[in-house]
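Have a look at the structure below, then the notes.
Derivation of every value follows stated rules applied to the coordinates shown; laboratory data play no part. A quick note: this is a predicted structure, and the numbers were derived from the prediction, not measured. We place every Cβ from the backbone using ideal geometry, glycine too, and count neighbours over all the protein chains shown.
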Amino acid sequence: MKVTFNISKERKFSEWYSEILKKAEILDIRYGVKGFVVIMPWGARMLEKMYRIYESAMQRTGHEPTFFPTLIPEDNFKLEAEHVEGFTPEVFWLENKKGEERLALRPTSETAMYQMYSLWIRSWRDLPLKIYQRANVFRYETKATRPLIRSREFYWIESHNCFATKEEALKQVKEDIEMTDSVMHRVFGIPFLPMKRPEWDKFPGAEFTIGSDSILPDGRVIQQPSTHMLGTHFSKAFNIKFVNEREKEEFVWQTCYGPAISRMMASVISLHGDDNGLVLPYTIAPIQAVIVPMHSEKKSNEIKKLCQKISQNFFNERIDSIVDYSKKRPGEKFFYWEMKGVPFRIEIGEEELKAKAATVFVRDTREKIKVSLKDLFEEIRNLGAEYDARLTGKAEEFLDRRIVDCDTKEGVKKTISGGKIARFGFCSIENKGKKCAAFVEEECSARLMGVRYDKDEKAKGKCVFCNKEASVVAYAAKSY
RNA sequence: GGGGCCAUGGUCUAGCCUGGUUAUGAUUCGAGGUUUGGGACUUCGCGACCCCGGUUCAAAUCCGGGUGGCCCCA
């Protein structure tokens, strides 16, 4: 397929995004149901790699995999009062024959999993219970949907943990955020701000919520994984009790964590891509190196053999590669694989045979370098690590530069409308601060993201809205 | 939640106002030839009016409803 790609990401992010999803064959959005898309092979392979990396991090931190049913009986769904209230408007219901209970398509799986937890957990010896599942979940979005960013079905991992003490649960919240950092940030290259959400914006049924906000090129923030301290709200509703070491019955302390992999894919695509198309991190690119045999009158057999040898070698070394034997002219192949975001292109022709060195094109810098054939796979690995570090560094810089300190509410408004993140003194993220947050929502059409959870930012001066003493440093931005 | 715009081959599109020919052009795709170190050229070929209803001798075109998509504002 011939591909043209010439929309500026900087100037027209929204169009750029739609275009790249289609051109790079990540999604086909023509399925015909609002908010539902088909994930095509190039996207699916990326998603799969991201899943594997994330799940192995889950397992390293002591979580066990499970798969729970997609359907939740209505009675179960309704057990936790705040949860029902928060999620009911977003639920897809399956109506059955008369007299049978309605079933919910899971919007999240607390109410599916916790009834089982109450059966599984009997004593302190059963704790901690750390379980995750890979799942697709469904939310009936009434607003406009955006592929991968806000859809009605998305692909995520959800972990649901139970502990004997509050302290352990709080520690888990920290561990979740560390996982977001070690995987989403360090591996996928998506920097984020861990924000403690205001009281009025926490997860329905949680004591508090930490949302990890990342940024997209248009300056809007997007909530990536959120982690919730559930306290004993759900354990009381679902009767999840254990007998402690002193033979007393207690309710378990719970946390849950929901990294949405399909949403991270949106961030990966958006943050790293450029005007020539995708730029995929080396670690998650479906193909890490494409080998292009150049035309030759005399040496075409030798060239072909060398390409095969390199490819086999890559396979042995667990580098995902293909040789592009298609009957296209080189230029067309070059543009195509660049658009697909393949980190490295290896050109092999007469020149390379003679020099015993490959010409390696690096996607993000668009530079060509010579690499001796005998060091090729090691060098690709090194270059891959450097390449990923560059992408991450660039994304970090982009996020940092977007945060602007503001002293006045006019300043906040101006910052937000300029596509940046405002940071300012704020009275309170408890319910008494809700009035001040209304300014952010109504006047700026933005979200009060909350306060930093990863560090203690000292508030000085007044709340920029009500002029009372500021108790916290809050952040606000336009949001997806 | 409010408002606006749009729907024609795989993709982008002309035609619609003022109803009537074999529905325009480009690109992709398939076959052939010349090419091949940054999107080549050329010949031939395949392929479309979102759905339901209405008006009419006649609907891509006019009217109503539905579905889907995009944008702006709250």
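Remark: the stretch A:298-303, residue by residue, has Karplus-estimated 3J(HN,Hα) of 9, 9, 4, 5, 5, 5 Hz, where x stands for each Gly or Pro and the curve is 6.51 cos²θ - 1.76 cosθ + 1.60 at θ = phi - 60°.
Restricting the calculation to Cα atoms, chain A shows an Rg/Rh of 1.02 when the hydrodynamic-style radius is the Kirkwood one. The alpha carbon centroids of the stretch A:398-417 and the stretch A:440-480 are separated by 11 Å. Remark on A:Val323: its backbone amide H falls under 5 Å from those of A:Ile291, a criterion applied only to residues 5 or more positions apart or on other chains, H modelled at 1.01 Å from N.
How much net charge surrounds A:Lys309 when only the other residues with a Cβ under 12 Å from the Cβ of A:Lys309 are counted, with Lys and Arg +1 and Asp and Glu -1? Once positives and negatives cancel, what remains is +2. With only Cα atoms counted, the stretch A:174-251 has Rg and Dmax values of 16.5, 56 Å. Pair-distance distribution of the stretch A:324-388: all C-alpha pairs, bin width 5 Å, starting at 0; shares per bin in whole percent are 4, 17, 27, 25, 20, 8, 1.
Phi angles of the stretch A:199-212 translate, via the Karplus equation with coefficients 6.51, -1.76, 1.60 and θ = phi - 60°, into HN-Hα couplings of 3, 7, 10, 7, 4, x, x, 9, 6, 8, 10, 10, x, 9 Hz per residue; Gly and Pro are given as x.
In terms of its Cα atoms, the stretch A:268-366 spans 43, 29, 22 Å along the principal axes, sorted from long to short. Do any of A:Lys166/A:Lys432; A:Lys166/A:Lys248; A:Lys166/A:Lys468; A:Lys22/A:Lys49; A:Lys435/A:Lys455; A:Lys414/A:Lys462 go past 22 Å between their Cα atoms, and which? In this structure, A:Lys166/A:Lys432; A:Lys166/A:Lys468; A:Lys435/A:Lys455 lie more than 22 Å apart at Cα.
Among A:Leu119, A:Leu105, A:Leu21, which comes first, second and so on when ranked by fewest other beta-carbon atoms within 10 Å? Spell out each step's value before the answer.
Details: A:Leu119 9, A:Leu105 18, A:Leu21 22.
Exposure proxy ranking, most exposed first: A:Leu119, A:Leu105, A:Leu21.
Summarising the amide proton neighbourhood of A:Ala446: residues at separation of 5 or more, or on other chains, whose placed amide H is nearer than 5 Å comprise A:Glu441.
Relative contact order (percent) for the stretch A:403-477, with alpha-carbon contacts under 8 angstrom and 6 or more residues of separation?
Values: 143 pairs, mean separation 29.3, N = 75.
Answer for the stretch A:403-477 is 39 percent.
Across the stretch A:57-72, rounded Karplus estimates of 3J(HN,Hα) from the backbone phi angles (6.51 cos²θ - 1.76 cosθ + 1.60, θ = phi - 60°) give 5, 4, 5, 4, 8, x, 8, 9, x, 8, 9, 9, x, 7, 9, 10 Hz, Gly and Pro being marked x. Summary value for chain A: 14 percent relative contact order, contacts being C-alpha pairs under 8 angstrom separated by 6+ residues.
Restricting the calculation to alpha carbons of the stretch A:13-272 gives Rg and Dmax of 18.6, 63 angstrom. Quick one: Debye curve from the C-alpha atoms of the stretch A:45-97, no solvent, what's log10 I(q)/I(0) at q = 0.17, 0.24, 0.25 Å⁻¹? At q = 0.17, 0.24, 0.25 Å⁻¹ the computed log10 ratios are -0.81, -0.89, -0.92.
Counting Lys and Arg as +1 and Asp and Glu as -1, each charge on the Cβ, what is the dipole of chain A about the Cα centre in debye, to the nearest 20?
Numbers: 79 positive and 71 negative charges, 241 e Å.
The dipole of chain A has a size of about 1160 debye.
The relative contact order of the stretch A:289-383, computed from alpha carbon pairs under 8 Å that lie at least 6 residues apart in sequence, is 30 percent.
How do A:213-221, A:347-355 rank on mean C-beta neighbours within 10 Å, highest first?
Details: A:213-221: 21.7, A:347-355: 16.8.
Sorting A:213-221, A:347-355 by mean packing, highest first, produces A:213-221, A:347-355.
Neighbours of A:Met229 by Cβ distance under 14 Å: Lys/Arg scored +1, Asp/Glu scored -1, total -2. A Stokes-Einstein calculation at 20 °C with viscosity 1.002 mPa s, built on the Kirkwood radius of the stretch A:28-182 over Cα pairs, returns a diffusion coefficient of 122 µm²/s. With the convex hull of its Cα atoms as the shape, the stretch A:342-451 has an orientation-averaged projected area of 9.8 nm².
If you add up the charges near A:Val404, with Lys and Arg at +1 and Asp and Glu at -1, over every other residue whose beta carbon is less than 10 angstrom from its beta carbon, what do you get? Working shown, then result.
Numbers: positive: A:Arg401, A:Arg402, A:Lys414, A:Lys420, A:Arg423; negative: A:Asp405.
Around A:Val404, the surrounding residues sum to +4.
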